[in-house]
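The values are calculated or read from the model by the stated rules, or taken from the named source; none is laboratory data. Every value quoted in this text rests on a predicted model; they were computed, and no experiment measured them. FYI the Cβ positions are ideal-geometry reconstructions off the backbone, even for glycines, and counts take in every protein chain you see.
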Amino acid sequence: MPRALLALAIGAFGIGTTEFVVMGMLPEIADGFGVSVSAVGLLISAYAVGVVVGAPTLTALGVRFTPRQTLVGLMVVFVIGNALSALAPTYATLAVARVVTALAHGSFFGVGAVAARRLVPPDRATRAISLMISGLTTANVVGVPLGTFVAQQTSWRLVFSGIAVLGLVTIAGLLAWLPRDVGEPADLRTELAAFRRGQVWLVLGLTVVGFSALFAVYSYVSPILTELGGIPVEWVTPVLALFGVGTTVGTLAGGRLGDRYGFSSVTVGLLATAAVLVAFALLARNPVAAVVLLVLFGMLAFALGPVVLNGVIEAARVPGGSLVSAANQGAFNLANALGAALGAGVLSAGLGYTAPIWVGAALALVGAGIAVVVRAADRREQVRSPAGPDAVPAEYRTAA
């Protein structure tokens with residue numbers, strides 16, 4: 001695999017770490033500014049706002065540049081945001097710095113996915129995307145726990161400084177390894193034309209529904225493990241680390257399966273996810289079974305990510321595809337909100353901690369149905385126009 005994929009993975013690792021490490025540093029940041037933990041918790045919401053705003057905005061602004069130029073520019077924003085976070089004199093300044101940092105998040109993954117698949121032959125495109133995304137999943141296994149430990153032992157400001165250095169390393173890697181001609185500048189009108197295609201919206205809808213299954217369960221995984229599985233509170237963190245390992249393995253495996261079986265693997269993966277969640281709901285009171293099924297659930301859920309992301313770029317049928325790729329990041333964040341809300345709804349109704357798991361299983365089944373529709377639509381289009389006007393020339397999909 002090209003070394004440029006390592007640079008993209010390092011960038012993804014830095015982004016994943018800065019997004020989630022705040023959750024582990026809430027008490028330290030609160031003490032540093034003399035505010036409540038709940039107030040610092042709003043930094044998580046501030047980051048989410050930055051992702052939602054930045055993904056379409058910066059991607060649209062970047063279409064006139066090459067992917068290399070855009071990715072380097074996004075990492076500059078990322079470095080500035082984390083440096084400001086490390087130096088923030090007040091809580092309000094830190095909140096602004098977090099929004100600045102988040103602006104680069106969605107666009108980096110959107111443009112990065114397009115660049116990654118252009119670095120390799122078409123039959124390895126999904127695998128290339130999975131290698132980039134593996135940086136994000138690895139952040140939850142290594143970056144977040146390490147950052148939390150450093151914050152507890154030294155200073156949370158040092159954590160943000162270290163993440164800024166990771167951004168500089170990413171910039172150096174992109175400049176050294178990502179070819180200048182990996183992609184030509186596009187134009188906004190062409191990128192927007194992709195949203196006239198029904199298949200694009202089907203895949204985006206699949207992202208929202210399918211990944212809502214993940215967040216309906218994961219948002220409440222701690223009480224599920226302790227209240228249902230009887231797992232001691234102090235063991236929750238190690239279990240979540242195992243879950244993180246499972247997501248990384250699943251991401252890498254999903255890249256290989258996607259290249260071999262195409263979008264059909266999404267249907268199978270969602271059906272398997274539903275089956276695992278049904279088993280989880282039935283066996284959640286057995287601690288060993290609960291942990292094994294949770295890790296398997298993480299593997300299956302994250303195996304779908306690279307395939308769906310590659311699928312939405314393919315569905316766009318336009319030169320580039322950065323904007324639909326970024327839109328998929330927005331759909332993923334919407335899935336986060338929807339899944340958590342649906343899980344909260346059944347818990348508020350007094351249905352118990354197995355209820356979010358059943359909700360996740362139902363969402364996975366609906367997602368599998370959408371995947372079948374996407375695959376059928378793709379086959380109809382291939383029969384009607386196997387190389388028609390909407391087809392994407394090979395040079396737009398992979399590097400020459």
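Here are the numbers for the structure shown:
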read-out	value
Qualifying residue in the stretch 369-377 (condition: within 22 Å of residue 284 (Cβ to Cβ), part of a helix (DSSP H, G or I) and in contact (Cβ under 8 Å) with a residue 12 or more places away in the chain)	no
Residues (crowded, with 24+ Cβ neighbours inside 10 Å and either touching a Gly at 6+ places or on another chain (Cβ under 8 Å) or not assigned by TED's automatic domain parsing to the domain that holds residue 168 (or both)) located in the stretch 63-102	67, 70, 71, 74, 75, 78, 82, 98, 101, 102
Answer residue from the stretch 136-149, given it is crowded, with 18+ Cβ neighbours inside 10 Å and either outside the structural domain of residue 10 (by TED's automatic domain parsing) or of a type in the set (Val, Ile, Thr) (or both) and is farthest from the chain's Cα centre (by Cα) among those	148
Residue check, residue 244 among the small types (Gly, Ala, Ser) and either closer than 22 Å to residue 366 by Cβ or in the same structural domain as residue 24 (by TED's automatic domain parsing) (or both)	no
In the stretch 148-171, the residues that are without any contact (Cβ under 8 Å) to a residue 24 or more places away in the chain and aliphatic (A, V, I, L, M)	150, 165
Residue within the stretch 42-50 that is within 21 Å of residue 150 (Cβ to Cβ), touching a residue at least 60 places away in the same chain (Cβ under 8 Å) and buried (at least 19 other Cβ atoms within 10 Å of the Cβ) present	no
Matching option when the condition is part of a helix (DSSP H, G or I), in contact with a Leu (Cβ under 7 Å, 6 or more places away or on another chain) and farther than 22 Å from residue 17 by Cβ, among 272, 253	272
Cβ-Cβ under 9 Å pairs, at least 6 apart or on other chains, the stretch 100-118 side over 17 Å from residue 69 (Cβ atoms) and in contact (Cβ under 8 Å) with a residue 60 or more places away in the chain, far side basic (Lys, Arg) and in a helix (DSSP H, G or I)	117/124; 117/397
Of the criteria (1) touching a residue at least 24 places away in the same chain (Cβ under 8 Å); (2) surrounded by fewer than 14 Cβ atoms within 10 Å (Cβ to Cβ); (3) part of a helix (DSSP H, G or I), which one residue 60 fails	(2)
Matching helices (runs of 4 or more DSSP H) fully within the stretch 114-186 where at least 3 residues are among the polar types (S, T, N, Q)	125-138, 144-153
